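Input: a single structure, listed below in structure tokens.
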Amino acid sequence: MRIATWNINSVRTREQRVRDFLERSDVDVLCLQETKCTDKQFPDFTDLGYEQAHHGLHSFNGVAILSRVGLHDVKTDFGQPGFNKDLTAKQSVEARAIGATVGPGVNGGAEDQVVEVWSLYVPNGREIRDPHYSYKLRWLDALADYSGGVSKKSPHNLCLVGDFNIAPRDEDVWDRSWFNGKTHVTPNERARLHNLEESGLTQATELIQDKYTYWDYQALRFQKNEGIRIDLQYARGITATEARVDRDERATKGASDHAPVIVDYRF
């Protein structure tokens with residue numbers, strides 16, 4: 001089964017790019033992040049043979065799953081915390097997660113050939129002293145608790161994919177010194193990725209650990225290949241056999257600042 005993750009950075013702006021990607025990539029499941037629209041505004045891709053589920057509340061955040069191998073039991077809550085920059089106000093849960101059961105076994109096939117897939121847009125964190133950074137860590141703690149820990153809330157076959165806004169290693173950023181004192185590379189953030197692995201998940205995107213997945217629009221970062229690897233996939237119960245970054249998609253005019261990340265799995 002082929003699963004792709006892509007921070008699309010506005011799906012309405014890039015609807016045709018999603019269509020073109022689906023037609024050329026032969027993916028079974030596409031997870032999108034930062035769709036930047038409500039559910040009513042999300043484009044209809046069902047004519048391409050994909051069922052779809054979207055979770056969006058307004059013109060920022062937003063996540064979606066498109067699947068041609070079934071799409072059942074859609075959920076948007078794994079127990080994640082909410083956020084409000086006013087810490088005394090209600091902390092609202094944002095549209096950063098959507099999960100569903102997919103796979104060849106969903107529509108009457110082998111029961112062991114299904115997997116719960118989550119499309120995740122992990123909070124950025126902004127700056128280390130910003131409340132958003134603490135929110136990011138709490139959000140990831142809740143994800144680890146859902147994935148394993150003592151609660152055992154999630155199924156054995158699980159795939160967490162998306163924009164994690166964390167580079168797992170120093171080698172996953174173009175210049176580690178540029179990130180001194182910044183988020184995305186701190187020990188606390190990386191410890192949260194380790195917690196996911198402690199819950200039995202394997203980072204499938206280690207297969208592309210020599211490739212970047214995001215390049216800022218500023219300072220000709222893409223042209224200089226000054227990128228970072230933050231679009232990740234973690235899996236349990238299914239095994240990654242091959243992975244690639246669709247760098248050509250990022251190279252074209254009007255592209256998202258993230259490239260699609262594609263992983264092939266076997267049950």
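Mind counting the residues in region 197-211 that are among the acidic types (D, E) and either within 18 Å of E249 (Cα to Cα) or assigned to a loop (DSSP other than H, G, I, E, B) (or both)?
Within region 197-211, the first condition is being among the acidic types (D, E), and the residues that meet it are 197-198, 206, 210.
Narrowing the set further to residues that are either within 18 Å of E249 (Cα to Cα) or assigned to a loop (DSSP other than H, G, I, E, B) (or both) leaves 210.
The number of residues fulfilling the criteria is 1.
Residue count for region 176-196 satisfying the condition of being open to solvent by less than 70 Å² (accessible area, probe 1.4 Å) and assigned to a helix (DSSP H, G or I): 8. Residue check: A95 meets all listed conditions (1) modelled with pLDDT of 95 or more; (2) on the phi > 0 side of the Ramachandran plot but one, namely (2). Kindly establish whether A95 is touching a helix residue (DSSP H, G or I) at 6+ places or on another chain (Cβ under 9 Å) and within 25 Å of I228 (Cβ to Cβ). For A95, the condition - touching a helix residue (DSSP H, G or I) at 6+ places or on another chain (Cβ under 9 Å) and within 25 Å of I228 (Cβ to Cβ) - is not met.
If you go through region 201-243 one residue at a time, how many are open to solvent by less than 20 Å² (accessible area, probe 1.4 Å) and among the hydrophobic types (A, V, I, L, M, F, W, C)? Residues meeting the conditions: 9. From the list D73, D28, D77, D47, the lone residue that is closer than 17 Å to P123 by Cβ and acidic (D, E) is D77. Listed here are the strands (runs of 3 or more DSSP E) enclosed by region 6-67 that have at least 2 residues being under 22 Å from F164 (Cα atoms) and open to solvent by less than 10 Å² (accessible area, probe 1.4 Å): 29-33, 63-67.
The values are calculated or read from the model by the stated rules, or taken from the named source; none is laboratory data. What you see is a predicted model, and the numbers here were worked out from it, not measured in a lab. Positions of Cβ are backbone-derived with ideal geometry, glycine not excepted, and every protein chain shown enters the neighbour counts. Heavy atoms of the whole protein, side chains included, go into the accessibility calculation; ligands, DNA and RNA do not. Shrake-Rupley method; radii C 1.70, N 1.55, O 1.52, S 1.80 Å.
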